[in-house]
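For reference, the structure discussed in these notes is given below.
The values are calculated or read from the model by the stated rules, or taken from the named source; none is laboratory data. Remember, predicted model here, so these are calculated numbers, not experimental data. Reconstructed Cβ throughout: ideal geometry from the backbone, glycine too, with neighbour counts over all protein chains shown. Just so you know, the surface numbers come from the protein's heavy atoms only, side chains and all, with ligands and any DNA or RNA stripped out. Shrake-Rupley method; radii C 1.70, N 1.55, O 1.52, S 1.80 Å.
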Amino acid sequence: MGRQRIFSGVQPTGNLHLGNYLGAIRNWVEIQSQFDNLFCVVDLHAITVPHKPETLANDTEAIAALYLACGIDLNYSTIFVQSHVCAHCELTWLLNCITPLNWLQDMIQFKEKALKQGENVGVGLLDYPVLMASDILLYQTDKVPVGEDQKQHLELTRDIVNRFNHQFAKPDQPVLKLPEPLIRKEGARVMSLTDGTKKMSKSDPSELSRINLLDSPDEIAKKIKRCKTDPIRGLEFDNSERPESNNLLTLYMLLSGKTKEEVAAECQDMGWGQFKPLLTQTMIEALKPIQEKYQEVMNDKAYLESVLRHGKHKAEAIANQTLNQVKAAMGYSLLI
Ligand code: TYM
C-alpha cells in the first residue's frame, strides 16, 4: 500500500498570521515526510467575500511562496493553485446537487461571515463548504490537517461523502473516500492579541490583533507591547479566567520549541513586563528564517511559476480521475 494522502489549503486573503501557521502550515511541515501531500492555495474561496482583482494573483503567489518558506518540501509535497485545476468547480456543481440547503445554512462560519456582510451575501459564501469538500474529495484524501475552526466543514464533507456513496455507489465500492480531520491540540486555536476570547483572524479590523508571518521586528515588538494582558503576576496555562495568559504562553511554547512543563515552570513567577520582551524576541527569531526564505522565493518568480505549473499537472491528473468516476457513478456518458 502507498502512503496515505493529505490535502489542505489556505486562502489568499491578506497576510498569513500566526494562527494559520501554528494551526495549519507548521503541522503540514512536521508530518509531510510520512504522507503523500497536496497543499493548495484556495483562490476560488478567496472571492466568496469582496476581493481586490488587482492583488489576487500576487496574493496567491505570496501564499505559495510562504508554503515553501515555512518548509514545505517538494520531495514530499505538491503545491498548486485551486483555480488552475478546473475539476474543483465541476465537482462542486455535482455535489451542490446532492447537498441539502439547510446543511449549508447551519454552518457557523457562514452565519458569522454573512452577518458581517449584511444584505450583500453572495451565493458563493453559502456554497463555500461544498467547494472545500470538492477540494478534499477530488484527491481521495485520507487526512486533512487544519485548525479547530474548520472542524464543522470537515464534518459536512464527511456527510456529503456518505450521502453521495449511499445514492450512487455500491456499498462495497465507494466512489468517494471518507476523510478524517487532523486537528492538533496545541495551536489549533490561536487567539487574538487584543481579546483572548476571540480567534486570531485575517478579517479582524485591528492589525494589533494578529502577528503576520511577514511582520517586521518593530511591528512584532509594537504588537506584543500593546497586546492585552491581565493585572495578575505570574503566568499560567489553562486558567479559563485568564485567556490571554494561556494564549501568550502557548505562543511562547510553540515558537520556542520548549515543552509545556518547561514553559509553565519558567514563567510561573514572571510579571508581564519580563515576559513580553522574551516573547517578542522568541517570535522575531522564529519568524526570521521564514521571512528570509520568502524573499528569496519571491525574487525568483520563474522558479515559483515552475513549482505551480508542475503542481497543476500533478493535481490535475488525480483530480480528473476522481471527477470521471463521480460523473460515471451519476450516470453521465464520458468521452475518454
Ligand atoms: P483559511 O485561509 O481561513 O485558514 C487556513 C488555515 O489556518 C487555520 N486557522 C487557524 N488555526 C489556529 N488558530 C487560528 N486563529 C486560525 N485561523 C485560521 C484554519 O483552520 C485553516 O486550517 N476553509 C479553509 C481553506 C480550505 C481548505 C480546503 C482547508 C479550502 N479548501 C480543503 C483544508 C482542506 C480555511 O479556513 O482557510
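Under 5 Å between amide hydrogens, built in the peptide plane, is the criterion, and for His17 it picks out Leu213 among residues at least 5 positions away or on other chains. Principal-axis analysis of the Cα atoms of the chain puts helix 123-137 at an angle of about 80° to the longest axis. Based on DSSP H segments of at least four residues, each scored -39500 (n - 2.57), the chain has a per-residue ellipticity at 222 nm of -16500 deg cm²/dmol. Entry comment: accessible area of the chain is 48 Å² per residue, from protein heavy atoms only and a probe of 1.4 Å. To the nearest ten degrees, helix 87-96 and the longest principal axis of the Cα atoms of the chain are 80 degrees apart. Note on region 243-336: with charges restricted to the Cβ of Lys and Arg (+1) and Asp and Glu (-1), its dipole about the Cα centre is near 580 debye. In order along region 250-262, the Karplus-derived 3J(HN,Hα) couplings, from 6.51 cos²θ - 1.76 cosθ + 1.60 at θ = phi - 60°, round to 5, 4, 4, 4, 5, 7, 8, x, 7, 7, 4, 5, 4 Hz, and Gly and Pro are given as x.
Between the amide H of Leu38 and those of Ile6, Phe7, Ser8, Thr78, distances stay under 5 Å, these residues lying 5 or more places away or on another chain, with hydrogens modeled in the peptide plane.
Cα gyration tensor of region 253-336, axes a ≥ b ≥ c as square roots of the eigenvalues: rounded (a/c below 1.5), prolate (a/b > b/c) or oblate? It is oblate, given that a/c is not under 1.5 and a/b is not larger than b/c.
Summarising the amide proton neighbourhood of Glu180: residues at separation of 5 or more, or on other chains, whose placed amide H is nearer than 5 Å comprise Lys143, Val144.
A cut-off under 11 angstrom between Cβ atoms defines the neighbours of Ile284, and their net charge, with Lys, Arg +1 and Asp, Glu -1, is -3. Under the rule a/c < 1.5 gives rounded, and otherwise a/b versus b/c splits prolate from oblate, where does region 25-95 land using the Cα gyration tensor? Note, shape of region 25-95 comes out oblate. Going Cα to Cα from Lys301, which lysines come in below 25 Å? Please leave out same-chain ones fewer than 8 positions away. Counting by Cα, and skipping residues close in sequence, Lys301 has these lysines nearby: Lys52, Lys288, Lys293, Lys312, Lys314.
Karplus-based coupling profile of region 155-164, in residue order and whole Hz: 5, 4, 4, 5, 4, 5, 4, 4, 5, 5, with θ = phi - 60° in 6.51 cos²θ - 1.76 cosθ + 1.60 and x standing for Gly or Pro.
Helix 301-330 and the longest principal axis of the C-alpha atoms of the chain enclose an angle of approximately 50°.
Bridging of Lys260 to aspartates and glutamates at a Cα separation below 13 Å is possible for Glu186, Glu236, Asp238, once same-chain residues fewer than 8 apart are set aside. The accessible surface of region 1-63, taken with every protein chain in place and a 1.4 Å probe, is 52 percent carbon and sulfur. Converting phi to 3J(HN,Hα) with the Karplus coefficients 6.51, -1.76 and 1.60 and the offset θ = phi - 60°, region 52-69 yields 9, x, 5, 10, 4, 5, 5, 4, 5, 4, 4, 5, 4, 5, 5, 4, 5, 5 Hz in sequence order, with x at every glycine or proline.
Counted over region 77-230 with a bin width of 5 Å, the fraction of Cα pairs per bin, in whole percents, is 1, 8, 14, 16, 17, 15, 12, 8, 5, 3, 1, 0. As a fraction of the 1.4 Å probe accessible area of region 161-242, surface on carbon and sulfur atoms comes out at 49 percent.
For the chain, the gyration tensor built on C-alpha atoms gives a prolate shape. Its axis ratio a/c (a ≥ b ≥ c) is at least 1.5, and a/b is the larger of a/b and b/c.
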